[in-house]
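Trainee: Here it is, the structure in full.
Laboratory data are not the source of any read-out in this text; all were calculated from the coordinates shown. Computed from a predicted structure; not experimentally measured. Here Cβ is always computed from backbone atoms with ideal geometry, including for glycine, and neighbour counts include all displayed protein chains.
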Amino acid sequence: MIISHAEAVEHMKDHRFSRQQHLDKLISRFGNGHIFEKQKNDLPYMDGSDHARLRHHVTNAYHGIEFSTLREFTTSFLDSRLESLSSQKQFDVVHEVADLLPVMVVSELLGVPADQQEQVGRKVGSFVRARGLTQTELTVERGDDSMAFYEEYFLPLIHKKRSKPSSDLLSRLIADPQEGVHLSDEQLLLIISSNFYSASVYTLRLLVGTLAWAMALNPHAYSRIQGDRELVVPALEELLRWDPPAQATNASVALEDVEIGGKIVKSGDSVSVLVGAANRDPKTFVDPDQFLIDRHPNPHISFAPGLHQCLGLHLARMEGQAALNAFCDHFSSLSVIQSESQRFVGDRFRGFDRLMLEVSRR
């Protein structure tokens, strides 16, 4: 495990590590026919030129997102949702807001009916845990089940978009004739399940809950943000540093003996970055355990800068900023009802499964 910020940044840019070979180790351990074989075509686990080519294609598809329109949609949804809770002084922000927001945004992007997304969303956790650092027969079984469900649900939609492409994101992902890229059904399924569901719906759910928690814990900071919305951006960046949803990166295997921090990682050994620890490295961050919305610079690594940087980082920031602005618009103060809240810690992820708030409205 890498916990130093400087060493983490260096590792994330190092071509001497392979995520594909980490999957090979899992296949050797659990046998053939499981989710790990499919993940070898999944962008977060690809290496070298294949990874670069597919990443370029997905990035081009992302560039077609009209963020101004999507931001308006997100803001409208949040305002409507919080207004619908106006008669309640107490509510679970995870169930009422965090579970719904990323689902609605993904629905808007992919053209999937929102009323069908809840069923799909139930499979997200099993898929994500199959990408975790610790694996058991149960996580593998549930990961296989989630992939089978995604195939059943999304293949008809993919085939429909193949025959009648439009300007939506899924149509742009299917093919880019100018670049000579044509993705298979399997690759598209992995991009949808990995980059949109595990990397968006799952982690955004955790981010929004943690955001509400941080504002309740830091009422002075929350008051300042309400009075100066220019602070929304640095406040979200500080939250991402202070308690990110993804606390560690996907593991990779050293292709040769590599020295990290004066120690040798032997060829064939698996390595991961503990993002949460590196984000609180006192060599890089002053008062690292403090939540400081004025922190500058703030070189957190929560989006994994380097070879596998999160492709949805702009989407995550937009949704997080919209959520914080919505809280400020609707609630003059927030407090957490600890006895009715439930922290979530699962493998390399952290947030809340339930966060009961007591609010004072503006």
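Trainee: Would you mind checking which residues have amide H under 5 Å from I260's amide H? H placed 1.01 Å from N; only 5 or more apart, or other chain.
Mentor: Result for I260 returns V265.
Trainee: For D176 paired with R162, estimate the spin-label separation in nm (one decimal), with each label point 7 Å from Cα along the Cα-to-Cβ line.
Mentor: Inter-label distance under the simple model: 2.0 nm.
Trainee: Same structure again: Report, by chain and number, residues whose modeled amide H sits under 5 Å from the one on V181, excluding near sequence neighbours (fewer than 5 apart, same chain).
Mentor: D176
Trainee: Going Cα to Cα from K40, which lysines come in below 17 Å? Please leave out same-chain ones fewer than 8 positions away.
Mentor: Within the straight-line cut-off, K40 pairs with K25.
Trainee: With the crude spin-label approximation of a point 7 Å out along Cα→Cβ, what separation in nm comes out for R53 versus R71?
Mentor: Each label point lies 7 Å from its Cα, and together they span 3.6 nm.
Trainee: Only helices at least 30 Å long along their axis, Cα-based, and averaging 0.5 or more on Kyte-Doolittle count here, so list those DSSP H runs from the chain. Mind showing how you got there, number by number?
Mentor: Values: long enough: 137-163 (39 Å, -0.69).
Long hydrophobic helices here: none detected.
Trainee: Please say if segment 147-302 is rounded, prolate or oblate, where rounded means a/c under 1.5 for a ≥ b ≥ c the square roots of the C-alpha gyration tensor eigenvalues, and otherwise the choice is prolate for a/b larger than b/c and oblate otherwise?
Mentor: It comes out oblate by the Cα gyration axes.
Trainee: Please compute one quarter of the surface area of the Cα convex hull for segment 236-290 and express it in square nanometres.
Mentor: Result: 4.4 nm².
Trainee: Could you tell me which of rounded, prolate or oblate describes segment 7-66, using a ≥ b ≥ c as the square roots of the eigenvalues of the alpha-carbon gyration tensor, with rounded for a/c under 1.5 and, failing that, prolate when a/b is larger than b/c and oblate otherwise?
Mentor: Oblate, since a/c reaches 1.5 and b/c is not below a/b.
Trainee: Another question, if that's okay. In square nanometres, what is one fourth of the surface area of the convex hull spanned by the alpha carbons of segment 257-362? Each step should come with its number before you reach the end.
Mentor: Details: hull surface 39.1 nm².
For the Cα atoms of segment 257-362, the hull's average projected area reads 9.8 nm².
Trainee: Measuring from the lowest to the highest alpha carbon on each principal axis, how far does segment 46-97 reach, largest first, in angstroms?
Mentor: Sorted largest first, the three principal extents are 55, 24, 7 Å.
Trainee: Which whole-number percentage describes the relative contact order of the chain, with Cα contacts under 8 Å and a sequence gap of 6 or more?
Mentor: Result for the chain is 26 percent.
Trainee: How far is it, in nm, from the label point at S80 to the one at R343 when both lie 7 Å from their Cα along the line to the Cβ?
Mentor: 3.6
Trainee: If I stretch the segment between H220 and V233 completely, what's the gain in nm (0.36 nm per residue apart, minus their alpha carbon distance), one decimal?
Mentor: Going from the current span to full extension adds 3.0 nm.
Trainee: Further question on the same structure: Out of R29, R348, R229, any idea which swings most in a Gaussian network model of the chain, alpha carbons joined below 10 Å?
Mentor: In this elastic network of the chain, the residue with the biggest mean-square fluctuation among R29, R348, R229 is R29.
Trainee: Then there's this: Treating each Cα of segment 13-110 as an identical point scatterer and ignoring solvent, apply the Debye formula and state log10 I(q)/I(0) at q = 0.15 Å⁻¹.
Mentor: -0.83
Trainee: What does the convex hull of the alpha-carbon atoms of the chain project to on average, in nm²? Mind dumping the intermediate values first?
Mentor: Details: hull surface 73.1 nm².
Quarter of the Cα hull surface area: 18.3 nm².
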